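Mind having a look at this structure? Questions to follow.
The values are calculated or read from the model by the stated rules, or taken from the named source; none is laboratory data. All figures in this text were calculated on a predicted structure; none of them were measured in a lab. Cβ sites come from the backbone with ideal geometry, for glycine too, and all protein chains shown count toward neighbours. The protein model used for the area step is the full one, side chains on, heavy atoms only, and it has no ligands, DNA or RNA in it. Shrake-Rupley method; radii C 1.70, N 1.55, O 1.52, S 1.80 Å.
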Amino acid sequence: MKSLFVDKYIVDFYWYFILLIIITINRQTLSAAVLPQNSISLYTENDKVTVLTSKNFSSTVYQSKTAWLIEFYASWCGHCQSYANTYREVAIDTWGWRTVVRIGAINCHTDENSALCEQHNISAYPTLRLIEPEALMNTSKTITVLATDAKDVERELIKELADLKRTDKTWPHFASLNQASFEDLYNRISSSVKMVLVIIEKRDDFTGRQIMLDFSKYYEQLAIFRMTTDRKLWYKFQINMTDIPALFAIFPNRTVEQINTKQNTNEKIGSRNLLNYAIRSRIRQTQFIDNFDDTDLEEIIQSRNALENMKKKKKSNQNNKEINNVLNKNINDQKISMVDLETSLSYMLRREIPRVQEIRGETYDALVHWLIVLTKYFPGREPVMNYLKQLLSKVQEQPNGLTGKQFRELADTNTPDSYLPKSLLQYKYCVGSSSQYRGYPCSLWILFHTLTVSQVQLETTQMNTIEIPSAIKYFIKNFFSCRHCSENFMKETQDINQLDSQNKHAAVMYLWTIHNRVNKRLHGDNTEDPLHPKIQFPSGSLCSKCHLTNENSDNNFDLSNIINFLLRYYSKDNIDLLSVENFIINHDNKQNLMPQYERRTSIDQYSMIEITDESTEKFGLIRFIISIIQHFPLYFFILLVIIIIFVRRRYFKSKRKRYTL
Ligand SMILES: Cc1cc2nc3c(=O)[nH]c(=O)nc-3n(C[C@H](O)[C@H](O)[C@H](O)COP(=O)(O)OP(=O)(O)OC[C@H]3O[C@@H](n4cnc5c(N)ncnc54)[C@H](O)[C@@H]3O)c2cc1C
């Protein structure tokens, strides 16, 4: 008997083992498919922000019973990172409102979501949009909420919700009562309502509307109204200006009872909290409302504490000296990579610029100016330079401008001798310690510095020192979707016209200065990667001669050594090319899009040498076979385990039969 039990146990163990293998394989495949490296969300489930993607967006947001406030953001955008805590605050503060409005966010940076964000004409990040309840896809009006501070967002949200003027019974009674509507009060509410509350407050006060939303979950049993300007009614309630906001319960026989909102506490807890507390106590006393609970309140308090702890933890990480020491080593290792430069170009040309719906007038001029600078100074390999030149000439063929979509079609065109890899947004040196850090903006800075150095190294006789800084400025103004970064940069570059046209290093030094100014502004900010703090560049360890003393202070640089360092650091010879070839091969294999290359080592040798213009289908079949061969050991192992289990089961079965006989 015992042996049978043990044997059965072993067989079961095998089944569990197989299940484990299948789950592991599935998890690996799924995580690779659903969460590619660039699909980081700035929010998690704990934030009370619903994480939206192109997969769940329509089913969640359209024909929903509630309105949706949605943040469209890009995870690389510094301002979106700073804003995330504000948005978390909004989500926590409005958690009790979720039968009326829900809070969501979508990361437009990912390959998966970018098309959806484009359909919503998102031109800058972060953008807040309100979608009304029961909205239909592509037909419903979306409202842009223009506010940055959490309290302002909530106020704007309330205004927009009130403006929807919905009459359904589930919707709060945002409009203020007047004499007539007061008399008619009980006709306006559902018969299931057991308690009617009226909040008397100043006209521009939002407390009453916040309270309506805070208790919206109980709309069937609790009706809340607000009353503002009607002096006659104020008189009726016998209240003074000093008493407001005041809270009254109105009964069906029109008797009125004031509810005490004062609390025996010296703490300033704000009128929303006071009213909230008073209503909750009253409900608990009277037990008018069925199933009344405080779980929302508890969840809100928990989330608030978690947010505060997260902020504190981040601050202590930034002050962590150990991390700062690690980073000094990292900075030492930094190089420029062609992978980063080409990824930057690809993201810029295929994602950032096409976001702009109409590229005309100043925007068109900015684009042409920028493409001219790229074609002249980008130290790229031949096919990429051909690609840029073709793109420029195609854009110039349309002097009246073009739409973002038309530009994307041009930017998407790769031919065998003129192309830019369609990268999967992976960076080599601009990779951050976590996926929201560094990436595109880092690669953009490196591209800018590389262009200014390249201009000096090309040593054209009539060098125009303002050409590149001005192209950068107008590119950032028109095409950099991190809204506040772009605005800040405009302020930062106000003095651009004062560039010394006689000094051939003026542009290099100007950009270095501006970048250091930005570093100084952002140092210690929560957008800062803890492993790559924003220092005054270059650090002493990267260039000891660049510093007059050992200290990395702002004005302590030896400018002639700085220029020498920058010319070397951002020179064509300091660009890592080997990895760019690997990168292309890997990514092209995945995407089935690009021709094949032979590995080369030096920049001058670097050119496309072997082009096989095979159809993608053929490539697909070959790669499928290769993938089967690559995974053969795994498949073989699984098969072996299945055979062993099968044989063992049969063996035990026959043994058991014999045993029972
Ligand atoms: C035009 C522009 C404006 C921006 N404005 C904002 C903003 O307002 N708010 C915000 O949160 N984020 C802003 N960003 C993003 C921010 O500047 C960083 O790019 C981002 O936080 C990533 O930082 P990082 O650690 O990769 O270093 P980055 O600052 O991106 O630098 C990349 C690399 O350049 C080198 N480097 C650093 N300083 C210098 C220098 N002075 N000269 C030459 N090389 C240098 C270093 O090797 C560094 O690793 C902006 C980005 C750009 C391109």
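Might you tell me the accessible area per residue for segment 382-533, computed with a 1.4 Å probe and given in Å²? Could the numbers behind the result be given before it?
Working: 6550 Å² over 152 residues.
Value for segment 382-533: 43 Å² per residue.
On full extension of the chain, what length is gained from residue 405 through residue 477, given 0.36 nm per residue of separation minus the C-alpha to C-alpha distance? Don't skip to the answer; put the middle values down first.
On the way: separation 72, 0.36 × 72 = 25.92 nm, distance 1.96 nm.
Net length gain for the segment: 24.0 nm.
What are the residues whose amide H is under 5 Å from the amide H of residue 576, where those residues sit 5 or more places off or on another chain and H is modelled from the backbone?
Under 5 Å from the amide H of residue 576: 336, 337, 338.
Go through 313/422; 335/473; 311/572; 314/335; 405/534; 311/473 and tell me which ones have a Cα-Cα distance over 30 Å in this structure. List each step's numbers first, then the result.
Details: 313/422 38 Å; 335/473 25 Å; 311/572 41 Å; 314/335 28 Å; 405/534 36 Å; 311/473 33 Å.
From 313/422; 335/473; 311/572; 314/335; 405/534; 311/473, over 30 Å: 313/422; 311/572; 405/534; 311/473.
On the accessible surface of segment 50-163, probed at 1.4 Å, how many percent belong to carbon and sulfur atoms?
Numbers: 1900 of 4050 Å².
Carbon with sulfur: 47 percent of the solvent-accessible area.
A further question follows. Using +1 on the beta carbon of Lys and Arg, -1 on that of Asp and Glu, and nothing else charged, what's the dipole of segment 50-163 about the Cα centre, debye to 20? Each step should come with its number before you reach the end.
Working: 10 positive and 14 negative charges, 46 e Å.
Computed about the Cα centre, the dipole is about 220 debye.
May I pose another question? Given the peptides 505-511, 163-169, arrange them by the average over their residues of other C-beta atoms within 10 Å, most packed first. Write out the running numbers ahead of the final one.
Values: 505-511: 22.0, 163-169: 11.4.
Going by the mean number of other Cβ atoms within 10 Å, highest first, we get 505-511, 163-169.
Give me a comma-separated list of calculated 3J(HN,Hα) values for segment 52-57, in order, Karplus coefficients 6.51, -1.76, 1.60 applied at θ = phi - 60°, integers in Hz, x for any Gly or Pro.
9, 9, 4, 6, 9, 4
Which semi-axis lengths, in whole Å and largest first, follow from the square roots of five times the eigenvalues of the Cα gyration tensor of segment 164-205? Before the final figure, lay out the partial values.
Details: eigenvalues 63, 39, 23 Å².
Three semi-axes, in Å: 18, 14, 11.
Using only Cα atoms, locate the centre of segment 396-440 and the centre of segment 63-134, then give the distance between them in Å, rounded to an integer.
For segment 396-440 versus segment 63-134, the Cα centre distance is 25 Å.
Per residue of segment 159-167, in order, report the coupling 6.51 cos²θ - 1.76 cosθ + 1.60 (Karplus, θ = phi - 60°) as ³J(HN,Hα) in whole Hz, putting x for Gly and Pro.
Whole-Hz 3J(HN,Hα) from phi for segment 159-167: 4, 5, 5, 5, 5, 5, 6, 7, 10.
Now, a different point. Please list, in chain and number order, the residues 5+ apart from residue 74 or on another chain whose amide H is under 5 Å from its amide H, with Hs placed from the backbone.
For residue 74, whose amide H was placed from the backbone, the distant partners under 5 Å are 108.
While we're looking at this one, here's another question. Hey, what's the Cα Rg ratio for segment 50-163 versus the globular rule of thumb, 2.2 N^0.38 Å? Don't skip to the answer; put the middle values down first.
Details: Rg = 13.0 Å, N = 114, 2.2 N^0.38 = 13.3 Å.
Normalised Rg, Cα atoms only: 0.97.
Work out from phi, with θ = phi - 60° and the Karplus expression 6.51 cos²θ - 1.76 cosθ + 1.60, the ³J(HN,Hα) of each residue of segment 467-474, listed in order in whole Hz, and give x for Gly and Pro.
Coupling constants for segment 467-474: 3, 6, x, 6, 4, 5, 4, 6 Hz.
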